[in-house]
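First the structure, in the form of structure tokens, and then the observations on it.
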Amino acid sequence: AGAPRRAIPTRWNADPYAGGAYSFQAVNCTRDDHVELAQPASAGLLFAGEHTHEMYRATVHGAYLSGQREADRIIAARGNSSAQNDADRLMNWAESAYPSLFAPRGVRSAQYSIYNYRYYSATNSYLGVDNNNMVVYLLPGGQITTAGSLSQFLPTAIAAGF
């Protein structure tokens, strides 16, 4: 897989057919429908846009986060492991896989003592990796719980494109 050869920007607000429109969730549409829209058609054909974000559809934030997601997929396909560290890769995956626990997506990582972590204000929870590469979380009203080792979860995160 080589570097992208070209990008085509759109001007949707000036497009006479789009007129600045954005997606909406139809009757019986679920989060899974938006996740399906985000799946790559092939290694060279990826999809970004607010309509492909399962949580922030129809928003600029969703468009931005979907672009980051696809950039991460491109970087991962090129084998550039320095693009993001393994802890961030895991937390990005967890945000996508478990939005009811870790929301909102796209929170910046922080460092405290032995933890590389993220705090999720919408769910009042924490997710992190300690200096022994153990994945830990703290849900509201609970204590720090160890979910397992980073190496246990990382293959799933990488396979999902993170």
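The values are calculated or read from the model by the stated rules, or taken from the named source; none is laboratory data. In this text the structure is predicted, and so the values were computed from the model without any measurement. Here the Cβ is made from the backbone with ideal geometry for all residues, glycine too, and neighbour counts use every protein chain on show. Just so you know, the surface numbers come from the protein's heavy atoms only, side chains and all, with ligands and any DNA or RNA stripped out. Shrake-Rupley method; radii C 1.70, N 1.55, O 1.52, S 1.80 Å.
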Taking the conditions exactly as written (in a strand (DSSP E or B) and within 14 Å of the chain's Cα centre (by Cα)), does residue 105 satisfy them or not?
no
When only residues in the range 1-48 that are closer than 16 Å to residue 96 by Cβ and assigned to a loop (DSSP other than H, G, I, E, B) count, which is least open to solvent (accessible area, probe 1.4 Å)?
38
Which numbered condition residue 74 misses (of (1) open to solvent by 50 Å² or more (accessible area, probe 1.4 Å); (2) farther than 25 Å from residue 48 by Cβ; (3) not in a loop (DSSP other than H, G, I, E, B))
(2)
What are the pairs, 6+ residues apart or on separate chains, where a residue within the range 139-162 that is more than 15 Å from residue 101 (Cβ to Cβ) has its Cβ under 8 Å from a residue that is open to solvent by less than 50 Å² (accessible area, probe 1.4 Å) and among the acidic types (Asp, Glu)?
161/72; 162/72
Residue 89 fails exactly one of (1) of a type in the set (D, E, K, R); (2) open to solvent by 40 Å² or more (accessible area, probe 1.4 Å); (3) touching a helix residue (DSSP H, G or I) at 6+ places or on another chain (Cβ under 9 Å); (4) under 30 Å from residue 22 (Cα atoms), namely (2)
Name the single residue, out of those in the range 134-154 being at pLDDT 90 or above and out of contact with any strand residue (DSSP E or B) (no Cβ under 9 Å at 6 or more places or on another chain), that is farthest from residue 93 (Cα to Cα).
151
Got at least one residue in the range 107-128 being surrounded by 15 or more Cβ atoms within 10 Å (Cβ to Cβ), touching a residue at least 40 places away in the same chain (Cβ under 8 Å) and not hydrophobic (A, V, I, L, M, F, W, C)?
yes
